[in-house]
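Participant: Dropping the structure in here first, questions after.
The values are calculated or read from the model by the stated rules, or taken from the named source; none is laboratory data. On a predicted model such as this, the values are computed, not experimentally measured, just so you know. Glycine also receives a Cβ, built like all others from the backbone with ideal geometry; neighbour counts cover every protein chain displayed. Only protein heavy atoms, including side chains, enter the accessible area calculation; ligands, DNA and RNA are left aside. Shrake-Rupley method; radii C 1.70, N 1.55, O 1.52, S 1.80 Å.
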Amino acid sequence: VMDAVSTRSAWLSSYDRPDRNRLLKALQHQESDRLPHLEFRVNSKPLYEYVLQREVSPDTSSAFAGQPIATPEDQAEFAQRLGMDAITCDLSWSANGYGAIKTWADLDRLTPPPSLADQLSYLERYLKAAQGTGLGVVASFASFFNAALSITGMAEEPGLPGDNRRFVETVMDTLLIHQEKVVRAVCDRFGEDL
């Protein structure tokens with residue numbers, strides 16, 4: 001008896017199957033057989049369960065950007081069933097909640113980032129989940145500007161006068177320095193595969 005993925009794969013044309021090379025061609029401004037298909041965040045547990053035809057559990061092993069709805073393995077299966085060409089691994093630092101860091105004194109309460117080793121292991125899980133499926137893996141990083149505005153509560157503010165601007169810039173610098181370390185570590189570890 002074939003499982004649902006194998007059954008669906010049997011009647012999919014190459015046009016409908018995941019193909020990371022399709023995405024690579026598009027990124028290199030080359031023509032591909034169709035537009036690449038990927039989604040940066042699918043945050044609907046009912047949608048995952050409908051497509052996978054089973055219950056899914058949040059990925060409790062992740063410390064990144066909140067709790068992902070599904071594990072990397074479930075995300076890979078989900079993407080295959082939908083004919084997506086890549087899955088995204090969110091390596092964003094979930095630094096506190098909205099408006100949690102309001103003053104210079106609050107900077108000491110900034111949630112520490114996940115370790116580089118944890119982030120590399122997390123990306124490796126995605127790579128293993130995608131192995132042999134035709135799926136690519138996209139390492140996704142949140143905007144340090146947006147994250148800084150969000151955690152300082154400035155996202156809703158009309159402007160950044162005086163001291164507030166310097167404060168938000170300091171938070172952005174903190175987030176950016178960490179993000180640069182992660183990008184360098186990803187390139188060092190997976191550079192030949194990028």
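Participant: Identify all residues within the stretch 95-119 that are open to solvent by 40 Å² or more (accessible area, probe 1.4 Å) and farther than 21 Å from THR152 by Cα; write none if there are none.
Facilitator: Of everything in the stretch 95-119, those that are open to solvent by 40 Å² or more (accessible area, probe 1.4 Å) and farther than 21 Å from THR152 by Cα turn out to be SER115, LEU116, ALA117, ASP118.
Participant: Hey, THR133 hits all of (1) more than 25 Å from ASP188 (Cβ to Cβ); (2) polar (S, T, N, Q); (3) exposed (fewer than 15 other Cβ atoms within 10 Å of the Cβ) but one; which does it fall short on?
Facilitator: In the conditions (1) more than 25 Å from ASP188 (Cβ to Cβ); (2) polar (S, T, N, Q); (3) exposed (fewer than 15 other Cβ atoms within 10 Å of the Cβ), THR133 misses (3) alone.
Participant: Pairs, please: C-beta under 9 Å, at least 6 apart or cross-chain, first residue in a loop (DSSP other than H, G, I, E, B) and in the stretch 125-145, second open to solvent by less than 70 Å² (accessible area, probe 1.4 Å) and among the charged types (D, E, K, R)?
Facilitator: THR133/GLU77; GLY134/ASP19; GLY134/ASP85; LEU135/ASP19; LEU135/ASP85; PHE141/ASP90; ALA142/ASP90
Participant: Conditions: (1) open to solvent by less than 30 Å² (accessible area, probe 1.4 Å); (2) of a type in the set (Phe, Trp, Tyr); (3) in contact (Cβ under 8 Å) with a residue 60 or more places away in the chain. PHE78 meets all but one. Number of the miss?
Facilitator: So PHE78 meets the others, but not (3).
Participant: Return yes when ARG8 is of a type in the set (Lys, Arg), surrounded by 13 or more Cβ atoms within 10 Å (Cβ to Cβ), at pLDDT below 90 and part of a loop (DSSP other than H, G, I, E, B) and no when it is not.
Facilitator: On the way: of a type in the set (Lys, Arg): yes; surrounded by 13 or more Cβ atoms within 10 Å (Cβ to Cβ): yes; at pLDDT below 90: yes; part of a loop (DSSP other than H, G, I, E, B): no.
No, not satisfied.
Participant: Just to be sure, is SER92 modelled with pLDDT under 90, crowded, with 16+ Cβ neighbours inside 10 Å and of a type in the set (Ser, Thr, Tyr)?
Facilitator: On the way: modelled with pLDDT under 90: yes; crowded, with 16+ Cβ neighbours inside 10 Å: yes; of a type in the set (Ser, Thr, Tyr): yes.
It is true that SER92 is modelled with pLDDT under 90, crowded, with 16+ Cβ neighbours inside 10 Å and of a type in the set (Ser, Thr, Tyr).
Participant: Also, I was wondering about something else. If we keep just the residues of the stretch 30-48 that are open to solvent by less than 80 Å² (accessible area, probe 1.4 Å), of a type outside the set (Phe, Trp, Tyr) and not in a loop (DSSP other than H, G, I, E, B), which is nearest to ASP19 (Cα to Cα)? Steps first, please.
Facilitator: Kept after step one, since they are open to solvent by less than 80 Å² (accessible area, probe 1.4 Å), are these residues of the stretch 30-48: 32, 34, 36-38, 42, 44-45, 47-48.
Now narrow it down to the ones that are of a type outside the set (Phe, Trp, Tyr): 32, 34, 36-38, 42, 44-45, 47.
Retained after the next criterion (residues that are not in a loop (DSSP other than H, G, I, E, B)): 45, 47.
Values: LYS45: 25, LEU47: 22 Å.
Within the stretch 30-48, the match that is nearest to ASP19 (Cα to Cα) is LEU47.
Participant: Shifting gears a bit: Filter the stretch 88-124 for residues that are assigned to a helix (DSSP H, G or I) and among the small types (Gly, Ala, Ser) and give the result.
Facilitator: Within the stretch 88-124, ALA105, ALA117, SER121 qualify.
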